[in-house]
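None of the figures in this text is laboratory data; all of them are computed from the coordinates on show. Quick caveat, the model's predicted, so the values are computed rather than measured. Positions of Cβ are generated from backbone atoms using ideal geometry, with glycine treated the same way; all protein chains shown enter the neighbour counts.
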Amino acid sequence: MSAFDDLIAANAQYAAAFHGSGLTGRAARGLAVVTCMDSRIDPLGLLGLAPGDAKILRNAGARVTDDVLRTLVLAVYLLGVERVLVMPHTDCGMTKVNDSDVHDLTKAQGVDTRSLEFHTVPDQNAALRHDLTRIKTTPFLPAGMPIGGAIYDVHTGKLLPVAL
Ligand code: ZN
């Protein structure tokens with residue numbers, strides 16, 4: 001018995017019905033989506049996408065961190081991405097705490113996280129605009145590449161576009 005037995009069993013069923021895939025690692029729809037790790041978000045489903053269509057980058061809060069920028073550079077120059085949608089969501093846990101709250105919460109469990117930056121989100125619209133600007137102004141991505149921002153409503157399933 002392992003903590004992953006349920007997943008291994010599910011995969012056996014999945015693989016039994018799998019007919020192989022002619023897909024490559026390039027994003028068939030030329031899209032990258034930066035979104036949150038929130039378990040309520042189905043990025044492919046809510047955007048009408050299928051496996052192979054898009055690069056999906058997820059982290060806490062859908063923040064454009066150095067690692068997201070690094071990944072976007074690879075996605076654009078090596079993997080066919082030509083447009084980027086940054087998609088945070090309503091009811092995000094990252095909007096409900098600040099970094100020092102997180103440090104306090106982990107400290108209460110005996111862990112010192114002060115060397116980590118959590119990129120918490122006190123103002124979601126401001127954070128989204130900041131992150132969109134970060135992608136738009138980085139010298140490492142093509143000038144003029146379409147960059148979009150939208151907030152996904154986890155209670156209605158609707159996407160609300162946000163102007164840059
Ligand atoms: Zn979230």
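Filtering the stretch 11-60 to residues that are under 30 Å from residue 127 (Cα atoms), of a type in the set (Val, Ile, Thr) and free of Cβ contacts under 8 Å to residues at least 40 places away in the same chain leaves only 56. Residues that are loosely packed, with under 15 Cβ neighbours inside 10 Å and closer than 30 Å to residue 46 by Cα within the stretch 94-121 comprise 96, 98, 117, listed in sequence order.
A quick yes/no check of all residues on (1) at negative phi; (2) touching a helix residue (DSSP H, G or I) at 6+ places or on another chain (Cβ under 7 Å); (3) of a type in the set (Val, Ile, Thr):
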{"position": "98", "(1), (2), (3)": "yes, no, no"}
{"position": "115", "(1), (2), (3)": "yes, no, no"}
{"position": "123", "(1), (2), (3)": "yes, no, no"}
{"position": "136", "(1), (2), (3)": "yes, no, no"}
{"position": "140", "(1), (2), (3)": "yes, yes, no"}
{"position": "162", "(1), (2), (3)": "yes, yes, yes"}
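For the stretch 94-125, a tally of residues being in a helix (DSSP H, G or I), within 16 Å of the ligand (Cβ to nearest atom) and either within 30 Å of residue 76 (Cα to Cα) or of a type outside the set (A, V, I, L, M, F, W, C) (or both) returns 6. Looking at residue 131, is it within 13 Å of the chain's Cα centre (by Cα), within 14 Å of the ligand (Cβ to nearest atom), touching a residue at least 40 places away in the same chain (Cβ under 8 Å) and part of a helix (DSSP H, G or I)? Yes, satisfied. Of the set (1) over 15 Å from the mean Cα position of the chain (by Cα); (2) within 26 Å of residue 48 (Cα to Cα), all apply to residue 69 but (1). Among the residues of the stretch 138-164, those that are surrounded by 10 or more Cβ atoms within 10 Å (Cβ to Cβ) and free of Cβ contacts under 8 Å to residues at least 12 places away in the same chain comprise 158, 160.
Contact map, the stretch 84-113: first residue among the hydroxyl-bearing types (Ser, Thr, Tyr), second residue within 16 Å of the ligand (Cβ to nearest atom), Cβ cut-off under 7 Å, separation 6 or more or different chains; pairs are 90/151; 90/153; 90/154; 90/155; 95/121; 95/124; 113/102. Against the list (1) assigned to a loop (DSSP other than H, G, I, E, B); (2) over 22 Å from residue 37 (Cα atoms), the condition residue 136 fails is (1).
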